[in-house]
1. So what are the ³J(HN,Hα) numbers for the range 110-127, from phi and the Karplus equation (6.51, -1.76, 1.60; θ = phi - 60°), rounded to whole Hz, Gly and Pro as x?
2. Calculate the FRET efficiency for Lys111 and Ala87 from the Cβ-Cβ distance with a Förster distance of 30 Å, rounded to the nearest 0.05.
3. For the range 27-126, divide the Cα radius of gyration by the Kirkwood radius and give the resulting Rg/Rh value with two decimals.
4. Under a Cβ-only charge scheme (Lys and Arg +1, Asp and Glu -1), can you give me the dipole magnitude of the range 27-126 about the Cα centre, in debye to the nearest 20?
5. Among Cys37, Cys117, which comes first, second and so on when ranked by fewest other beta-carbon atoms within 10 Å?
6. With a cut-off of 8 Å between alpha carbons and a minimum separation of six or more residues, what is the relative contact order of the range 27-126 in percent?
7. Could you give the length gained by full extension between Arg77 and Val94, i.e. 0.36 nm per residue of separation minus their alpha carbon distance, to one decimal place?
Amino acid sequence: MTRTRSGRTPQDAAVAELDKAFGNDPAAAHDVTVSDCAVVAEYGIKSTQATIKVTNPTDAAQSYSITVSVNDKAGTRIGEINAFANALAPGQSVTLSGDHARGLLSNESTKAGPAACTVASVNRFPS
């Protein structure tokens, strides 16, 4: 099997191009930051919430599908948040919060309070 100077095969390059075509560009993860992660209890229902900032650094309009992993102090995943940002112009940013950055818990016995969030995946698509 032929490899390039970077050690990649032609198949590796083809897979990377397909990933980009389907929105799975690892560089897109750098377009998203998450903060203010917490488990909240409102009206007798517990949920996860965070503040998610998305910035489009490309030269074309992009839409984003984002999954945020919500973890307890021990690092165990206790829930996730799925968020969407549509048709961001080049250089444009949007901050998602409230119902636009809320998710479900996997364990209702989790206590309300601060949590740790990490960006699990980001799919970026041309708009």
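1. Coupling constants for the range 110-127: 4, 7, 5, x, x, 9, 9, 10, 9, 6, 7, 7, 9, 10, 10, 10, x, 9 Hz.
2. Computed FRET efficiency for Lys111 and Ala87 comes out at 0.20.
3. Checking Rg against Rh, the ratio lands at 1.02.
4. With Lys and Arg at +1 and Asp and Glu at -1, about 160 debye.
5. Cys37, Cys117
6. It rounds to 39 percent for the range 27-126.
7. 3.5 nm
Computed from the coordinates by the stated procedures, all read-outs in this text should not be read as laboratory data. It should be emphasised that the depicted structure is a prediction, and the values quoted were computed from it without experimental measurement. Neighbour counts run over all protein chains shown; Cβ positions are idealised from the backbone, glycine included.
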